[in-house]
1. Suppose we filter A:Arg54, A:Arg62, A:Arg93 for residues that are at pLDDT below 90, open to solvent by 10 Å² or more (accessible area, probe 1.4 Å) and part of a helix (DSSP H, G or I); which single one remains?
2. Residues in segment C:10-17: is at least one of a type in the set (Ser, Thr, Tyr), within 12 Å of chain A (Cβ to nearest Cβ) and open to solvent by 30 Å² or more (accessible area, probe 1.4 Å)?
3. Considering only residues that are in contact with a Leu (Cβ under 9 Å, 6 or more places away or on another chain) and open to solvent by 10 Å² or more (accessible area, probe 1.4 Å), look in segment A:102-118 and name the one that is nearest to the other protein chains (Cβ to nearest Cβ).
4. If C:Gln140 satisfies every condition in (1) under 20 Å from the mean Cα position of the chain (by Cα); (2) within 30 Å of A:Val268 (Cβ to Cβ); (3) within 14 Å of chain B (Cβ to nearest Cβ); (4) among the polar types (S, T, N, Q) but one, which is the exception?
5. Give, as residue ranges, the strands (runs of 3 or more DSSP E) completely inside segment A:139-227 that count at least 3 residues that are over 30 Å from A:Val102 (Cα atoms) and either within 14 Å of another protein chain (Cβ to nearest Cβ) or of a type in the set (Asp, Glu) (or both).
6. With respect to B:Ala196, determine if the residue is of a type in the set (A, V, I, L, M) and open to solvent by less than 20 Å² (accessible area, probe 1.4 Å).
7. In the list B:Ala79, B:Ala69, which residue meets the criterion of being modelled with pLDDT of 90 or more, among the aliphatic types (A, V, I, L, M) and crowded, with 22+ Cβ neighbours inside 10 Å?
8. Anything in segment C:90-112 that is without any contact (Cβ under 8 Å) to a residue 40 or more places away in the chain and open to solvent by 40 Å² or more (accessible area, probe 1.4 Å)? List them, or say none.
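The values are calculated or read from the model by the stated rules, or taken from the named source; none is laboratory data. Bear in mind the structure is a predicted one, so any value in this text is a computation, not a measurement. Every residue, glycine among them, receives a Cβ derived from its backbone with ideal geometry; neighbour counts consider all protein chains shown. Quick note on the areas: whole protein, heavy atoms, side chains included, nothing else; ligands and nucleic acids left out. Shrake-Rupley method; radii C 1.70, N 1.55, O 1.52, S 1.80 Å.
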Amino acid sequence: MTISRRDFVKASGAAGFALAAPALLAAQSKEPIAVGTLCPLTGAGGSYGPDMQRAVVAVVERINRAGGIQGRPIQLFHEDDQTSAEAGVRAARKLIDVNKVVAIVSTWASAVTLAVRPLCVEARVFLIGVSGADAVTQGDHRGYVARTQPNTNTQGRMYARFAASKKEWKRIAYMALQTPYAQSFGEAFTGAVKAAGATITDSLIYEDKKPSYRSEVTRVLGTNPDLIMLGGYTPDSVVMVKDLYRAAYKGAILGPSFAINAKFIEGVGPDVAEGVWNMDRAPLFDSPAYKEFVAAVPGGDQSPYAPQAWDHMTLVALALAAGKGEVSGTVIKDQLRAVANPPGAVVYSFADGAKHLAEGKKINYEGASGACDFDQIGDILSAPFIVQQVRKGKNERVTVINP
Amino acid sequence: MFAYLTAVATLVGVRSLLTLGLNVQWGLTGLVNLGVIAFFGVGAYTSALLAVGGTSILLAWPAAVGVAAAAGAALAMVALRLREDYLAIVTLGFAEVLRLFLLNETWLTRGANGVTGIPRPLHTVFAGRYDIFYLGLVLLAVVLAYGALERLRRSPFGRVLRAIREDEIVAAVAGKPVFRFKVQAFALGAGIAGLAGALFAHYLAYVEPNMFLPQESLFVWLALILGGSGNNRGALVGSAVLLGLLEGTRFAKDVVPFLTGVRLAAAQQILVGVVLVVLMVRRPEGLIPEKTESN
Amino acid sequence: MPAITQYVFNGVVTGGILALPAVAFSLTWRLLRFPNFAVSTYLTVGAYAALALNVGLRASLELAWVGAVVVTAVTALAVDRIAFRPMRGRRPFSLAIASIGVAFVLENVVRFVWGNDFRSYDVPVTRAMLIAGLRVGREQLLIFAVAIALMALAQTFLVRTRLGIAMRATADNAGLAAVKGVPTERVVAAATLGGGALAGGAGVFLGLDASIDPLMGGSVIISVFAAAILGGIGSGPGAFVGALIVGIVEEVGTLVVPPTYKTAIGFVIILAVLLVRPTGLAGARS
């Protein structure tokens with residue numbers, strides 16, 4: 001009898017985990033539950049995917065060590081979407097039809113999520129990711145889509161709230177990377193800033209992967225802004241801020257924390273990074289979930305999306321555990337808010353949550369990336385934003401902006 | 001598994017059609033179009049925008065073909081006065097400009113957001129087995145195009161094109177309006193690429209600018225060269241083999257444990273590059289060599 | 001609105017960086033008779049070689065630059081031996097396609113080793129100086145000075161040395177040169193090494209001016225081509241001037257056209273030049 005690929009993987013999995021805990025041997029006797037990751041390992045989002053995938057792998061190790069879902073281990077299938085919608089569709093088809101996953105987690109690019117969404121909805125596979133474009137949760141997805149990143153409208157208004165709070169920033173310019181949400185974020189941001197009484201001196205969208213932004217910088221600096229709101233990712237932000245520094249710009253810079261992070265500071269150097277403001281939806285730094293995440297995923301705290309990926313997998317697992325035996329994307333859809341939203345006993349990990357669920361109690365998962373409470377269309381409910389500033393080469397927490 | 005294979009087969013079909021279009025330009029007429037993906041994109045967006053705006057598919061698809069062909073004719077009239085290697089760069093640049101246009105002219109193209117909710121023809125009629133229906137549709141298009149292009153190849157028009165490919169000067173001396181024929185061939189290839197684009201857009205029900213990156217043209221070329229540089233059968237075989245290779249290595253990684261993530265993806269792409277170089281060095285005529293036809 | 005002179009100056013610096021790969025590309029096109037699309041990835045290879053030396057082995061940037069130049073030159077030679085030499089004399093199209101394959105491989109080898117993350121050299125960023133109302137960066141001056149020096153060096157080599165003259169002879173007519181006893185393969189090797197060296201050095205400049213990632217070469221490819229075509233294929237000084245013009249037009253063009261269309265400007269230049277004066281500024285024989 002030939003050994004199928006599935007048997008082979010199961011066997012090697014059993015060999016690996018057998019050293020970990022006896023509970024797992026019991027788990028191995030049951031059929032594994034297939035979950036797929038679809039992260040950008042190459043392409044434009046290539047610097048974010050690997051950490052997201054690692055976080056998911058780390059969570060699954062813990063879940064399986066804790067006995068899995070009613071004794072059944074989770075088996076992960078990884079695919080690279082190449083930050084391309086078409087490649088993402090082919091990968092998703094393989095995950096859905098060949099690997100028979102019940103959920104696809106940690107998509108990143110809005111284009112990929114949008115392209116893959118109809119497939120998941122049709123196949124009743126749950127889709128959860130970090131894509132920011134408004135269209136991701138709009139339209140008819142029958143509840144099979146959720147995301148842990150606040151939508152762009154919310155983000156724009158929160159950033160504007162902070163920008164308008166400083167009286168010395170009267171002239172504000174907006175420079176953003178060409179992304180599906182640059183436009184909507186920009187509109188929300190500039191609209192809210194103007195309503196608060198400040199002036200928008202320039203609004204500019206720049207191209208990705210340019211070696212230098214000298215002309216863009218020259219144009220914007222010609223309008224004499226006090227503050228430049230920079231909406232991009234780390235790679236382009238590094239180039240842009242270096243060019244701003246070289247052009248002797250002495251005003252303030254505000255950007256998203258997922259761009260202005262330790263890699264950014266390392267990239268531009270502490271002198272150039274000094275004083276750059278940044279903000280983002282606050283992860284719950286003090287929560288046990290975040291601490292467990294940091295311990296389990298080395299370097300994961302440098303990635304803006306790894307904490308979310310961690311939560312994606314935990315939420316999917318908890319929702320399945322709440323399903324009382326039945327395992328499918330529909331169960332996840334039905335149980336997501338039950339395990340993620342209040343009311344309920346606050347839990348910070350799968351192990352904790354599974355224990356409570358086994359006792360018939362209702363839970364409210366608070367994750368590494370935030371409170372993880374979802375509204376009806378799959379967006380997370382508004383959350384506080386943390387404002388940081390780079391001081392002496394490190395990001396320091398300055399204040400919190402509440403919704 | 002079946003649905004997965006249907007999906008792959010559909011995409012192979014679409015790609016084959018695109019490669020057939022390129023073959024008209026390169027295989028038949030000897031025109032180097034490194035920007036072939038741009039016409040694919042023009043067709044996709046034309047049909048998508050029209051259909052989303054309420055136009056019937058029966059009008060949207062022919063429009064996609066027409067607009068792509070017109071764009072091809074326009075580019076050809078401007079660029080075809082140039083030498084072979086210049087044409088290559090011009091067409092590459094055109095693809096880049098088109099991508100920027102799709103990305104930036106949001107009033108028309110919806111920019112980076114892309115066009116969502118593209119209607120699928122006869123979706124309600126075939127609800128359950130829609131993927132098979134669409135595969136059938138794509139295969140029908142491929143078969144019709146292949147048949148038509150084979151007829152074309154053997155026709156007087158086709159013979160002139162081949163003469164132009166072999167030696168332009170001789171053809172001109174023989175009294176053929178070389179430039180006019182080249183423009184027509186280029187436009188025809190562009191139109192077929194546009195049809196492939198329309199089929200693509202309505203299959204995915206979503207299009208966005210990054211689907212039409214200039215480097216995608218490379219894969220179309222690779223398929224054509226791999227299958228058999230310059231003949232229609234080669235275009236079909238090459239597309240199938242190439243996509244099969246790309247999809248096949250996807251499964252290999254489930255069994256290759258030491259390569260993960262970026263490394264694996266990079267290794268896959270290195271393989272593609274190496275195959276391309278080896279092909280050009282060792283077997284430039286591809287899997288199905290072109291039969292030289294005596295007149 | 002800042003004075004247009006600032007834009008012109010910015011363009012001159014960008015052009016200076018583009019000039020090196022443009023010259024390499026232009027000369028090798030003439031000599032080997034095909035556009036070598038791998039030149040853009042030689043930039044990438046050079047930038048990463050310097051990164052390995054500067055950040056990995058803690059070498060000074062100057063030393064790393066020299067190392068990068070050597071490594072890229074050798075890489076270019078290896079590429080020529082493996083991919084292009086077996087195809088000498090074949091039609092340009094096959095070679096061009098092969099060079100695309102090479103570019104793909106090199107880019108992904110770099111990605112395999114270093115991943116997708118952008119990198120930077122271990123050097124401080126400095127504020128620009130204000131000279132006569134213009135913002136002038138320290139690195140910019142250095143880069144431009146070195147670029148000019150290299151151009152002068154290359155031109156001297158081509159005009160004054162035996163190998164350089166042989167190179168030009170072979171470029172003009174390979175068959176005749178072979179008959180007259182000019183060793184073609186040696187000439188090709190020298191040109192390949194020289195072109196690789198120039199591109200590698202430029203890659204370090206690019207990494208210094210912006211940042212380093214696997215796709216960095218691809219981002220300037222159209223501009224490099226535009227510069228070479230504008231200057232006239234085969235003319236070193238032509239490519240240099242062409243690069244300056246392309247750089248300036250791209251920068252000044254952002255006054256008229258949104259910055260996101262900068263790449264399109266290079267393409268328009270190419271088209272315009274080819275239609276009006278296909279042999280470019282230097283008017284070299286096609």
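1. Working: A:Arg54 fails: at pLDDT below 90; A:Arg62 fails: at pLDDT below 90.
Of the residues listed, the single one that is at pLDDT below 90, open to solvent by 10 Å² or more (accessible area, probe 1.4 Å) and part of a helix (DSSP H, G or I) is A:Arg93.
2. First pass over segment C:10-17, keeping only residues of a type in the set (Ser, Thr, Tyr): C:14.
Restricting the remaining residues to those that are within 12 Å of chain A (Cβ to nearest Cβ) gives C:14.
Filter once more, so that each one left must be open to solvent by 30 Å² or more (accessible area, probe 1.4 Å): C:14.
Yes, segment C:10-17 contains a residue that is of a type in the set (Ser, Thr, Tyr), within 12 Å of chain A (Cβ to nearest Cβ) and open to solvent by 30 Å² or more (accessible area, probe 1.4 Å).
3. First, pick out the residues of segment A:102-118 that are in contact with a Leu (Cβ under 9 Å, 6 or more places away or on another chain): A:102-108, A:112-113, A:115-118.
From what is left, the residues that are open to solvent by 10 Å² or more (accessible area, probe 1.4 Å) are A:102, A:108, A:117-118.
Numbers: A:Val102: 16, A:Trp108: 13, A:Arg117: 8, A:Pro118: 6 Å.
Top of the filtered list is A:Pro118.
4. If we test C:Gln140 against (1) under 20 Å from the mean Cα position of the chain (by Cα); (2) within 30 Å of A:Val268 (Cβ to Cβ); (3) within 14 Å of chain B (Cβ to nearest Cβ); (4) among the polar types (S, T, N, Q), just (3) comes out false.
5. Details: elements: A:145-147, A:171-177, A:199-206.
In segment A:139-227, A:171-177, A:199-206 are the strands (runs of 3 or more DSSP E) which contain 3 or more residues that are over 30 Å from A:Val102 (Cα atoms) and either within 14 Å of another protein chain (Cβ to nearest Cβ) or of a type in the set (Asp, Glu) (or both).
6. Yes.
7. Numbers: B:Ala79 fails: modelled with pLDDT of 90 or more.
One residue alone meets the criteria, B:Ala69.
8. C:Arg90, C:Arg91, C:Val109, C:Phe112 - these are the residues of segment C:90-112 that are without any contact (Cβ under 8 Å) to a residue 40 or more places away in the chain and open to solvent by 40 Å² or more (accessible area, probe 1.4 Å).
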